[in-house]
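The structure appears below as structure tokens.
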Number of protein chains: 2
Amino acid sequence: MHDVLFDFISKYISLTEDEKNAILSVDIFRTVKKGTILLKEGQYTKDSYFVLKGCIRTYYVLDNEEKTTAFYTEMEALTPPCVISKTPSEFYVSCIEETILTVSNADMEAEINAQFPKFETMCKMLSEELLAKQRIDFDEFKTSSPEQRYLNLLDKRPDLIQRVPQYQLASYLGIKPESLSRLRGRITEKNRG
Amino acid sequence: MHDVLFDFISKYISLTEDEKNAILSVDIFRTVKKGTILLKEGQYTKDSYFVLKGCIRTYYVLDNEEKTTAFYTEMEALTPPCVISKTPSEFYVSCIEETILTVSNADMEAEINAQFPKFETMCKMLSEELLAKQRIDFDEFKTSSPEQRYLNLLDKRPDLIQRVPQYQLASYLGIKPESLSRLRGRITEKNRG
DNA sequence: TTCATTTCTTAACTTAAGTGAATAAGTCGT
DNA sequence: ACGACTTATTCACTTAAGTTAAGAAATGAA
């Protein structure tokens, strides 16, 4: 299981056995079951998450409706904005499936940095890469219709459509569940001709 | 003029005179006039931009139509995703107004880092902060209607509505220029009763 | 100032998303 | 297997965005 973490890290920097042990000695692996809420709206937290296996999502509750805005699956990391801004969280984080993840914070990061500074370099590379990736996603979202977004998702992350309830996918695509259902109908209609 | 840059940096780290000089010795200040294209689709580049005064925008050309997705004004930084991914750029960067900015790349950054390592810490903080900020923006975009987005922009960045042509604001809001014009009419209509 | 070009508005029409409500299908725990 | 609850579909209706096209307003250059 730890392999997933080290495979991920090795994309950025190479690790000696000592360094691996340094990480294992501080890092906390957690297994959480489906439906567990890791973070609630209004809570303060310093924790970042890294998904080793499973799936978590972030959602807001607006006008008594859940608005899901992101999913994190294998090898994906989430640092909630409230960790950076030191304000109460505006969203919830919950587990869609039984999930294995690491939970870490700035103190732990500092502890690892103290033992090998290249860890900080990795963190910088990682957040630059995430920033660029998210920028592309945002641009794609802005420049395409709900239908194009759905087809794009089908192409890029087909697994999500299998493992996630449709009403959660709907807000992720910026529309209502009824519209997604209709839109899907329209597409299969087309494909039959 | 350099003050804008140092004011910005001082939000993250404090600088000695020597350190300021180290930055000035490598950094390149450029003044570019309205309409100048800093980056074209298909080009390779290693350059990041930091706006000291003025405004630049990023836009795609899709189906022969410009799709503007972001604006950068005073104290805002842009590292195009293609710099990170080392692929040709998917978008254009151009100046909306006469603009003063710094243009820097990883080599220059390394040169500064060599002289004072806390610069890297600042870069990490900066990209983490930008990531969090962009995440909030994306979530707001997903969970609101075009009209709410426009009203939100009016509230948060009223300057943009003044300095940017409306057809560029439209795609930034995820709609067509005609729809933005109509939407604005609807709003002023409401406000008169 | 004048002309050309760019940007914005308006209108009629088409298409799709939002809304409210009812029903169907699927899931979970006992 | 049963009922309770959650999730997905469907329908009729409303609202707003996309499309096409024409014309008005603003901008810029000669």
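Read-outs throughout are calculated quantities, based only on the coordinates presented, and are distinct from any laboratory measurement. Here the structure is a predicted model, which means the values were calculated and not measured. With ideal geometry, Cβ positions are generated from the backbone for all residues, glycine too; neighbour counts draw on all protein chains shown.
Once the C-beta distance of A:N64 and B:I187 is scaled by a Förster radius of 22 Å, the resulting FRET efficiency is 0.25 to the nearest 0.05.
Mean projection of the Cα convex hull over all viewing directions, computed for segment A:2-116: 7.3 nm². In the assembly of identical copies, A:I187 has its label point, taken 7 Å from Cα in the direction of the beta carbon, separated from the corresponding points by 3.3 nm (ascending, one decimal). Under a 5 Å amide H cut-off, with hydrogens placed 1.01 Å from N, A:K53 pairs with A:I100 among residues at least 5 apart or on other chains. Taking the charge dipole of chain B about its Cα centre, with +1 at Lys and Arg Cβ atoms and -1 at Asp and Glu Cβ atoms, the residue from B:V32, B:V61, B:S94 reaching farthest to the positive side is B:V61.
Per residue of B:51-57, other chain Cβ atoms within 10 Å of the residue Cβ number 0 on average. Taking θ as phi - 60° and the Karplus parameters 6.51, -1.76 and 1.60, the scalar couplings of segment B:127-137 work out to 6, 5, 5, 5, 4, 5, 5, 5, 4, 4, 4 Hz in sequence order, x denoting glycine and proline.
Counting only Cβ charges, +1 for Lys and Arg and -1 for Asp and Glu, the dipole size of segment B:26-98 around its Cα centre is about 220 debye.
Averaging over all projection directions, the Cα-based convex hull of segment B:52-114 occupies 5.2 nm² in the image plane. Placing +1 on the Cβ of every Lys and Arg and -1 on the Cβ of every Asp and Glu, with nothing else charged, gives segment B:23-173 a dipole about its Cα centre of roughly 120 debye.
Close Lys pairs in segment A:8-120 (alpha-carbon distance under 20 Å; sequence gap of 8 or more, or different chains): 11.
Sorted shortest first, the distances from the A:I13 label point to those of the same residue in the other copies are 1.6 nm; each point sits 7 Å from Cα along Cα-to-Cβ. Among the residues of B:136-149, the average count of other protein chain beta-carbon atoms within 10 Å of the residue beta-carbon is 4. Once you order the gyration tensor axes a ≥ b ≥ c over the Cα atoms, which shape class does the protein assembly as shown get: rounded for a/c under 1.5, otherwise prolate or oblate by comparing a/b with b/c? Oblate. Taking amide H as placed 1.01 Å from N in the peptide plane, A:L38 has its amide H under 5 Å from the amide H of A:V93, A:S94, A:C95, each at least 5 places away in sequence or on another chain.
Between copies, A:Q148 shows label-point distances of 2.3 nm, shortest first, with the point placed 7 angstrom from Cα along Cα to C-beta. Coupling constants for segment B:119-126 follow from the phi torsions by the Karplus curve (6.51 cos²θ - 1.76 cosθ + 1.60, θ = phi - 60°), and in residue order they are 4, 5, 4, 4, 4, 5, 4, 4 Hz; glycine and proline get x.
Would chain B count as rounded, prolate or oblate if I go by the C-alpha gyration tensor, calling it rounded below 1.5 in a/c and otherwise prolate when a/b exceeds b/c, oblate otherwise? It is prolate, given that a/c is not under 1.5 and a/b is the larger ratio.
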